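Colleague: What follows is a structure written as structure tokens; I'll ask about it next.
The values are calculated or read from the model by the stated rules, or taken from the named source; none is laboratory data. Keep in mind that what you see is a predicted model, and the values were worked out from it rather than measured. Neighbour counts run over all protein chains shown; Cβ positions are idealised from the backbone, glycine included. Accessible surface areas use protein heavy atoms only, side chains included; no ligands, DNA or RNA. Shrake-Rupley method; radii C 1.70, N 1.55, O 1.52, S 1.80 Å.
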Amino acid sequence: MTESPVEDSISAAAPLVVLSKVNKHYGALHVLQDIDLEIRQGEVVVLIGPSGSGKSTLCRTINRLETIDSGRITIDGHPLPAEGRELARLRTEVGMVFQNFNLFAHKTVLENVVMGQVKVRKVIRSHAEKTARELLDRVGVGAQADKYPAQLSGGQQQRVAIARALAMKPKVMLFDEPTSALDPEMVNEVLEVMRQLAADGMTMVVVTHEMGFARSAANRVLFMADGRIVEQNTPDAFFTAPRSDRAKDFLSKILHH
Amino acid sequence: MSPFNRTATASVLYDAPGPRARARYRVFGVLSLIGVAGLLWFVYATLDDKGQFNPALWDVFQYNTVQQRIVDGLLATLEAFGLAAAFSLTLGALLAAGQLSDHKPVRWACTAVVQFFRAMPLLILIVALYYAFFATDPMWALVLGLTLYNGSVQAEIIRSGVNAVPRGQGEAAYALGMRKTQVMASILVPQAVRSMLPSMISQLVVTLKDTSLGFIITYHELLFVGKAIASQPTNSAGFPYIPVVLVIGPIYIALCLLLTALARWIEARGRRGANRRTSTAA
Ligand SMILES: Nc1ncnc2c1ncn2[C@@H]1O[C@H](COP(=O)(O)OP(=O)(O)OP(=O)(O)O)[C@@H](O)[C@H]1O
Ligand SMILES: [Mg+2]
């Protein structure tokens, strides 16, 4: 199999996010079992797997919205701080987009994108607004800047959420099922923004069942089941020839309807 | 889920009444009017029967000194209420912040304080404070007692209001790199306030009414003054207890109505703000 120049440059790049021997329990449930994972600069990794396999949990440990019981996570060479100012600073470098958008309901769209810059990055307000408007234009919701989140469609809200995360100039972006709460006709407008982001070289971890997106934008697909990474491969290889029985079984379920 | 939809859902909750329902409501309306009028007449007749409307019993209210005492009592009530309201809201905010703290000892201590003072009967608290610390200054025993009790209740209201904000709001703020105080001050509390407001105001109404407990520790508030007036016998007609109740009672009712009106006004202002945003943005 020949690799494209882009993939060559990615495999040469330094790892940006590294998880080694990460374990996590919820009571008796072992949700993450000895997870080892390296994500390189500019790489787009798609996480798929059955419900309850730990995809969201894995994603959320990377910015410490979930703590881990053992193991080690580093971002750009620095171990994830446990608390305080250092943790907050690290979180600005890891953007997160949620399934339910989670836009601040009492703030306008513009204010949603401005807030983090002003309060966390201490950017002057006028600069922050300029950046915010540029980002909103870039994701195609510039005209909605003065509305409140509840007045926007799901697709528009999710694009605002992406802009809000980008405003912090993160090194890596996490997406936890960003299109699962959307009506079908809005899925593509969000995926298109994400594709563009991937093409611009953003490092991304995406939990999604959108095979089209995985095939067209991902460098690597990770298949999770029962808290383990069972299989990983390029999207083409994974979707056409899964190796593990779990993956074959899972793909047959989601592809056959 | 969004606080801005409330006006829309308010009318959706009820079906608009049809013609038969409207007729039924009219019948109910007339019947209850008759019932209330009958009740009032019964009360009036009973009191009149007992001679409670004998002018001699009401003469006492004509004296300037008595009028002045009622005004003084009212001012004393308002002073204790104002102080207790301000202190209890402050204490409530502090205790709520403590209960939501990340530090276990702080959380634990604040929860213990809240549970203790919420469970403690207010009267016991006030009497104990009076005899132990404030025998010469009953107002502070009253104010402190009201503050501890109502502050604990306000803390619970604030804490549950903050906890009722959808979890994703806080998570999204943390994910941007905000610190806990920023998340509280800019995301959670502003969204919680609107839902907390009615309960906070009703607790203030309770605070206002409970200032009347001051009479037990000889604080010269409205009820104390009323009792003093009522215990001076008139020349011919006995003690003017009922007339005093009929004067003092409506003063408390008026004060509570004023507070409730204030609450309505604040709420309406908040809602109008939300609607204005909606209409300019749409
Ligand atoms: N806060 C929690 N407390 C207890 N158990 C939890 C908690 N969060 C998740 N779990 C459990 O951990 C397991 C993994 O959850 P997770 O959300 O990571 O799965 P997922 O792969 O994202 O699934 P889905 O596709 O449904 O989103 C599930 O069995 C879930 O019930
Ligand atoms: Mg999930």
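Colleague: Could you check, for region A:15-30, whether at least one of its residues is open to solvent by 10 Å² or more (accessible area, probe 1.4 Å), under 16 Å from the mean Cα position of the chain (by Cα) and within 16 Å of ligand 2 (Cβ to nearest atom)?
Modeller: no
Colleague: Could you list all residues from region B:157-172 that are under 11 Å from B:Met200 (Cβ atoms) and either more than 14 Å from chain A (Cβ to nearest Cβ) or in contact (Cβ under 8 Å) with a residue 40 or more places away in the chain (or both)?
Modeller: Those that are under 11 Å from B:Met200 (Cβ atoms) and either more than 14 Å from chain A (Cβ to nearest Cβ) or in contact (Cβ under 8 Å) with a residue 40 or more places away in the chain (or both): B:Ile157, B:Ile158.
Colleague: Could you list, ordered by first residue, the pairs with Cβ atoms under 7 Å in which the first is in region A:43-57 and more than 9 Å from ligand 2 (Cβ to nearest atom) and the second is assigned to a loop (DSSP other than H, G, I, E, B) and among the hydrophobic types (A, V, I, L, M, F, W, C), at least 6 apart or interchain?
Modeller: Note: pairs meeting the criteria are A:Val44/A:Ala218; A:Val45/A:Ala218; A:Val46/A:Ala218.
Colleague: OK, next. Identify all residues within region A:62-95 that are under 23 Å from A:Lys122 (Cα atoms), modelled with pLDDT of 90 or more and small (Gly, Ala, Ser); write none if there are none.
Modeller: A:Ala88, A:Gly95
Colleague: Now for a different question. Counting just the residues of region A:182-213 that are of a type outside the set (A, V, I, L, M, F, W, C) and within 15 Å of ligand 1 (Cβ to nearest atom), which one comes out nearest to the chain's Cα centre (by Cα)?
Modeller: Restricting to residues being of a type outside the set (A, V, I, L, M, F, W, C) and within 15 Å of ligand 1 (Cβ to nearest atom), the top hit is A:Thr208.
Colleague: What's the total number of residues in region B:124-176 that are open to solvent by 30 Å² or more (accessible area, probe 1.4 Å) and of a type in the set (S, T, N, Q)?
Modeller: Count: 3.
Colleague: Testing A:Gly52 on (1) crowded, with 20+ Cβ neighbours inside 10 Å; (2) near ligand 1 (Cβ under 8 Å from one of its atoms), one condition comes back false. Which one is that?
Modeller: Unmet condition: (1).
Colleague: With in contact with a helix residue (DSSP H, G or I) (Cβ under 8 Å, 6 or more places away or on another chain) and within 30 Å of A:Gly84 (Cα to Cα) as the only criterion, which of B:Thr147, B:Thr111 stands out? Outline the logic, then answer.
Modeller: On the way: B:Thr147 fails: within 30 Å of A:Gly84 (Cα to Cα).
Residue meeting the stated conditions: B:Thr111.
Colleague: Which residue is nearest to the other protein chains (Cβ to nearest Cβ), if the candidates are limited to region A:85-101 and must be out of contact with any Asp or Glu (no Cβ under 8 Å at 6 or more places or on another chain) and among the aliphatic types (A, V, I, L, M)?
Modeller: First pass over region A:85-101, keeping only residues out of contact with any Asp or Glu (no Cβ under 8 Å at 6 or more places or on another chain): A:85-92, A:94-95, A:100-101.
Remaining after also requiring among the aliphatic types (A, V, I, L, M): A:87-88, A:90, A:94.
Values: A:Leu87: 9, A:Ala88: 5, A:Leu90: 8, A:Val94: 8 Å.
Among those residues, the one meeting the criterion is A:Ala88.
Colleague: Counting only residues that are open to solvent by 60 Å² or more (accessible area, probe 1.4 Å) and among the basic types (Lys, Arg), which one in region A:102-135 is farthest from the other protein chains (Cβ to nearest Cβ)?
Modeller: Top of the filtered list is A:Lys130.
Colleague: Counting residues that are touching a Gly at 6+ places or on another chain (Cβ under 7 Å) and surrounded by 18 or more Cβ atoms within 10 Å (Cβ to Cβ), which helices (runs of 4 or more DSSP H) fully inside region B:36-123 reach at least 2?
Modeller: Those helices (runs of 4 or more DSSP H) span B:64-99.
Colleague: If B:Ala119 passes every condition in (1) within 16 Å of B:Phe224 (Cβ to Cβ); (2) modelled with pLDDT of 90 or more; (3) not β-branched (Val, Ile, Thr) but one, which one does it miss?
Modeller: (1)
Colleague: How about region A:58-84: which of its residues are within 16 Å of ligand 2 (Cβ to nearest atom), over 14 Å from B:Tyr174 (Cα atoms) and either β-branched (Val, Ile, Thr) or over 18 Å from the mean Cα position of the chain (by Cα) (or both)?
Modeller: Answer for region A:58-84, where residues must be within 16 Å of ligand 2 (Cβ to nearest atom), over 14 Å from B:Tyr174 (Cα atoms) and either β-branched (Val, Ile, Thr) or over 18 Å from the mean Cα position of the chain (by Cα) (or both): there is none.
Colleague: With the requirement that a residue be open to solvent by less than 20 Å² (accessible area, probe 1.4 Å) and touching a residue at least 24 places away in the same chain (Cβ under 8 Å), what does region B:177-200 give you?
Modeller: If the condition is that a residue be open to solvent by less than 20 Å² (accessible area, probe 1.4 Å) and touching a residue at least 24 places away in the same chain (Cβ under 8 Å), then B:Ala192, B:Met196 are the ones that fit.
Colleague: Taking the residues in region A:214-247 that are assigned to a loop (DSSP other than H, G, I, E, B) and within 13 Å of ligand 1 (Cβ to nearest atom) as candidates, determine which candidate is farthest from the chain's Cα centre (by Cα).
Modeller: A:Asp226
Colleague: Restricting to region A:136-178, what's the tally of residues that are within 11 Å of another protein chain (Cβ to nearest Cβ), within 16 Å of ligand 2 (Cβ to nearest atom) and open to solvent by 10 Å² or more (accessible area, probe 1.4 Å)?
Modeller: Total meeting the criteria: 1.
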